[in-house]
1. Helix 120-129 versus the longest principal axis of the chain: what is the Cα-based angle in degrees, 0 to 90, to the nearest 10?
2. Does anyone have the angle between helix 81-91 and the longest principal axis of the chain? Alpha-carbon axes, 0 to 90°, nearest 10?
3. Based on DSSP, what percent of beta bridges with both residues in the chain are antiparallel, to the nearest 5?
4. For helix 239-251, report the angle its Cα long axis makes with the longest principal axis of the Cα atoms of the chain; keep it between 0 and 90° and round to the nearest 10°.
5. Could you tell me which of T273, H158, G217 has its Cα farthest along the dipole of the stretch 152-291 towards the positive end, charges placed at Cβ (Lys, Arg +1; Asp, Glu -1), taken about the Cα centre?
6. Take every Cα pair under 8 Å in the stretch 211-355 that's 6+ residues apart, average their separations, divide by the length, and report that relative contact order as a whole percent.
7. Compute the Cα gyration tensor for the stretch 185-311, then decide on rounded, prolate or oblate, letting a ≥ b ≥ c be the square roots of its eigenvalues: rounded whenever a/c is under 1.5, prolate when a/b is larger than b/c in the other cases, and oblate in all that remain.
8. Work through the residues other than A127 whose Cβ is under 14 Å from its Cβ and net out their charges, Lys, Arg +1 and Asp, Glu -1.
Amino acid sequence: MMTQVRSLGLHGVEGYEVTCECDLSGGLPNFDIVGLPDAAVKEARNRVRAAVKNCGFQFPVSRITVNLAPADRKKGGTVYDLPILVGILSAGGQLPRPDGGAAFVGELSLSEAVRAVPGMLPMALAAREAGVRELFVPADAAPEATLAGGLTIYPVAHIRELVAHLTGEERLTPASAWAPGGETGPQPDFAEVKGQENVKRALEIAAAGGHNILMIGPPGSGKSMLAKRLPSILPDLSEREALEATAVHSVLGLTSKEEPLLTRRPFRAPHHTISAMGMAGGGNPVIRPGEISLAHHGVLFLDELPEFHKDVLEVLRQPLEEGRVQISRAAGSESFPARFMLVCAMNPCKCGWYGYDDDRCRCNPKDVEKYQYKISGPMLDRIDLVVDVPPPDFNTLADKPAGEPSAVIKGRVDGARSIQAERFGSQGIPCNAQMGRGELEAFCRLNGDCQAMMKGAFERLGLTARGYDRILRVARTIADLDGGGEIQLHHLAEALQYRVTGWMAK
């Protein structure tokens with residue numbers, strides 16, 4: 001006797017429907033799982049057998065074949081334990097056949113408990129698209145599954161609860177849609193930063209337009225402190241952005257039943273010892289997202305930029321342009337979202353004091369040049385704003401009052417983003433940093449004086465075509481912070497001062 005049970009699987013950060021076909025036939029007792037299962041899926045045989053016996057059912061003494069369709073796509077993880085159990089029990093007549101509009105997802109313990117699995121949100125979204133009406137999930141994963149909307153989510157804590165529901169003895173109570181609670185706690189605030197007004201201005205521009213930024217200064221000047229406060233002035237996540245960012249975190253098991261949805265933009269700060277695979281993603285046999293995908297719709301902060309391995313920095317080049325990263329391995333190919341703001345910080349030399357304190361700097365010119373040129377020209381060309389972070393003096397630290405709070409700066413950033421949203425309409429462009437050639441020609445036209453200034457800068461600084469476009473985008477953002485009119489001479493002049501094409505001469 002054969003039974004079909006609907007389930008779901010993961011491919012990268014996207015879910016897809018899987019049909020669990022369970023067949024019980026005569027012959028010597030055996031239990032096979034086919035359909036390109038990995039080791040975790042094959043081990044479901046032992047978990048299902050123990051769970052069936054420990055919850056009071058009779059495990060069939062027959063030849064059991066479980067096919068996970070589509071059979072040409074690799075299956076991984078423990079997500080198929082629950083549908084396999086339901087399929088075997090219904091094929092053996094111990095449970096009624098499940099409704100065609102229901103799907104099952106979950107890992108089994110050796111007792112009768114049902115455990116949560118990673119990737120619940122993308123699987124729930126796939127279930128909704130596939131026309132599933134009822135989704136049975138582990139109780140701990142139910143809040144995340146409700147985020148997909150359009151589904152009746154049944155939380156299952158124990159197999160006996162599911163059996164009682166399917167036999168009609170006692171219905172499960174559908175999970176309520178998860179809603180964020182009150183305040184999620186304070187964030188670091190720009191009011192805590194004394195001085196560094198030029199850096200705050202640059203970070204405000206970066207936040208308003210979604211631009212990449214590099215801060216250069218000696219040790220202890222506040223580069224990391226300022227970077228950690230950037231999320232406090234970024235616009236709030238839209239519903240679409242929150243779901244996309246949460247899906248990546250969900251696949252890696254970084255969500256929880258208490259906080260299943262990201263309510264703040266992610267801020268990722270990997271250590272400089274990270275590998276290229278850890279940054280971009282990879283793995284064998286399952287390809288997983290890396291740090292740049294975890295920073296999707298948020299901030300990727302690279303402190304001590306020259307200390308990162310060259311291959312790690314170079315893998316950022318394609319995602320910075322395209323907003324996605326393509327990972328190709330012998331095991332397969334995956335594409336992950338990677339639309340992030342790159343925020344970098346570095347010292348001007350190995351000891352950190354070149355150009356700021358000649359008495360303290362121990363580096364000779366050749367060492368300084370070698371240190372600075374760890375950052376390649378193509379990588380530097382993809383950074384929109386470069387700002388100097390000088391060491392604060394004693395009077396600034398001792399006497400200067402608190403700075404402007406993040407809430408005030410965020411108000412200006414939100415105003416600029418509102419202008420951009422109105423400008424781009426339904427084109428799907430969230431900020432100036434993502435404008436293409438058509439948008440640059442339509443919204444970044446320069447008058448005669450600006451054209452003359454840009455021509456002089458192009459020749460004097462040796463700008464590339466990419467650098468030229470990035471200056472226009474930054475100038476457009478500065479004009480938006482100024483009310484959203486045409487780009488004026490002072491807007492362009494400020495954008496040019498943040499541009500660097502070679503290393504600074506102190």
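1. Value to nearest ten degrees: 70.
2. Orientation of helix 81-91: about 20 degrees from the principal axis.
3. 50
4. Rounded to the nearest ten degrees, it is 60.
5. The listed residue farthest towards the positive side: G217.
6. It rounds to 31 percent for the stretch 211-355.
7. oblate
8. Its environment carries a net charge of -3.
The values are calculated or read from the model by the stated rules, or taken from the named source; none is laboratory data. Please read all numbers here as calculations on a predicted model, not as lab measurements. Note: ideal-geometry Cβ built from the backbone for every residue, glycine included; neighbour counts use all protein chains shown. All accessible areas refer to the heavy atoms of the entire protein, side chains included, with ligands and DNA or RNA removed. Shrake-Rupley method; radii C 1.70, N 1.55, O 1.52, S 1.80 Å.
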